[in-house]
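The values are calculated or read from the model by the stated rules, or taken from the named source; none is laboratory data. All values derive from a computational prediction rather than experimental measurement. Note that each Cβ is placed from the backbone with ideal geometry, even for glycine, and that neighbours are counted across all protein chains shown.
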């Protein structure tokens, strides 16, 4: 089983995936959890994220190619992250995430959502992710007080420019898989199936890597085993 590199959403912090890392470790799976928070407050956000990922991985000694696992908003960035590691990537796994759309922006893909988010921005910064929704998903889904406080504290204020920027043009033609947690991402799981990727489904919640990590770790381990 290859090592796993866990990549959190740009709208959250590493605490959103730390329980999953612990669950993987309990199952004997080596994992690395990167922290990309400091890169999202100013443009060009995508390039800053890619640079921060490369810098973080410079500190990690991979003995063999690893599988990159991206949650939620990290999905569209996975091929660009893989390009930074050259031949040290064995596969990509998208966890309740959008698939890559090289050269296209969030604004282009979701104009209605972009308009609402831009209207709520202050001084060029988006509201924290959990404030996009009613009820607040951290308050609703994360029952552990300490974990919820940590996740809330880690939420960055992301630059509006992130949604305007074209997504990275890097492409990936190696093994890929998809882990679906919620109906909100069902169309992306369906697209993954059409591409011939292995897909696993859990009836869970979007923050399950933090709130219910054991089933996510089991499904992820099974999925990684099917990557070819």
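Worth a mention:
- Residue, surrounded by the most Cβ atoms within 10 Å (Cβ to Cβ), within segment 199-228, restricted to residues that are part of a loop (DSSP other than H, G, I, E, B) and more than 18 Å from the chain's Cα centre (by Cα): 227
- Across segment 109-129, the number of residues qualifying as within 17 Å of residue 166 (Cα to Cα) and part of a loop (DSSP other than H, G, I, E, B) comes to 1.
- Filter result for residue 65 (out of contact with any helix residue (DSSP H, G or I) (no Cβ under 9 Å at 6 or more places or on another chain), in contact (Cβ under 8 Å) with a residue 40 or more places away in the chain and closer than 27 Å to residue 222 by Cα): yes
- Any hit, segment 135-148, residues being in a loop (DSSP other than H, G, I, E, B) and touching a strand residue (DSSP E or B) at 6+ places or on another chain (Cβ under 7 Å): no
- Residues of segment 181-190 that turn out to be in a helix (DSSP H, G or I) and surrounded by 14 or more Cβ atoms within 10 Å (Cβ to Cβ), as a count: 3
- From the options 219, 190, residue that is under 25 Å from residue 15 (Cα atoms) and out of contact with any helix residue (DSSP H, G or I) (no Cβ under 7 Å at 6 or more places or on another chain): 219
- Some residue of segment 76-85 being at pLDDT below 95 and within 28 Å of residue 204 (Cα to Cα): no
- Residue satisfying all of: in segment 60-102; part of a loop (DSSP other than H, G, I, E, B) and crowded, with 24+ Cβ neighbours inside 10 Å; nearest to the chain's Cα centre (by Cα) among these: 97
- Residues of segment 43-59 satisfying the condition of being in a loop (DSSP other than H, G, I, E, B) and within 19 Å of the chain's Cα centre (by Cα): 44
- The set of residues in segment 153-180 being assigned to a helix (DSSP H, G or I) and more than 25 Å from residue 138 (Cα to Cα) consists of 164 alone.
- Any hit, segment 9-32, residues being in contact with a strand residue (DSSP E or B) (Cβ under 7 Å, 6 or more places away or on another chain), modelled with pLDDT under 95 and farther than 15 Å from residue 224 by Cα: no
- Test: residue in segment 12-22 that is crowded, with 21+ Cβ neighbours inside 10 Å, in a loop (DSSP other than H, G, I, E, B) and within 12 Å of the chain's Cα centre (by Cα): yes
- Lone unmet requirement of (1) farther than 24 Å from residue 14 by Cβ; (2) surrounded by 14 or more Cβ atoms within 10 Å (Cβ to Cβ) for residue 137: (1)
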